[in-house]
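The values are calculated or read from the model by the stated rules, or taken from the named source; none is laboratory data. Nothing here was measured: the structure is a model prediction, and the numbers come from that model. Reconstructed Cβ throughout: ideal geometry from the backbone, glycine too, with neighbour counts over all protein chains shown.
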Amino acid sequence: MGRTLLVSLCVVASGCVTSHVQRLDANVRPEQASDSIVVLEEAPEQSYTVIARIESQTGNVFESFGDLRAKIIDQAARLGGEAVIVGPESRETEFIILMTGMIPSEKKKLSAEVIVFH
């Protein structure tokens, strides 16, 4: 029984943050420092161009929206973005079937637009 529980916990904990990047601009920009990326909750009044859209999701219940934001910011920096406009947080519950029964697993999703200012 103890071994089954250990295997079950390993299965639940084995996920990671995954992301899908959709580039909207073919221009190659220099990479930015992650700590220079501005995180916005809504579109700025200042003129800007969207260079990419990023969708991230957690792989297990132990990862947070903070983990998703960190991944998005890191990717935006690599793309040469200056800021991200973060969309609303969403949650989806799935059930994992184990030998001991089913357990709920919450996946978190977050999307953002990567922008550069004019």
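In region 26-38, which residues are part of a loop (DSSP other than H, G, I, E, B) and either of a type in the set (S, T, N, Q) or surrounded by 17 or more Cβ atoms within 10 Å (Cβ to Cβ) (or both)?
Answer for region 26-38, where residues must be part of a loop (DSSP other than H, G, I, E, B) and either of a type in the set (S, T, N, Q) or surrounded by 17 or more Cβ atoms within 10 Å (Cβ to Cβ) (or both): ASN27, GLN32, ILE37.
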Residues (within 16 Å of the chain's Cα centre (by Cα) and part of a strand (DSSP E or B)) located in region 39-83: VAL39, LEU40, ALA52, ARG53, ILE54, GLU55, SER56, GLN57, ALA83
Pairs with Cβ under 6 Å, 6+ apart, first in region 45-66 and under 19 Å from ARG91 (Cα atoms) and crowded, with 19+ Cβ neighbours inside 10 Å, second among the small types (Gly, Ala, Ser) and at pLDDT below 95: ILE54/SER19; SER56/SER19
In region 77-118, residue surrounded by the fewest Cβ atoms within 10 Å (Cβ to Cβ) [restricted to those that are among the aliphatic types (A, V, I, L, M) and free of Cβ contacts under 8 Å to residues at least 40 places away in the same chain]: ILE97
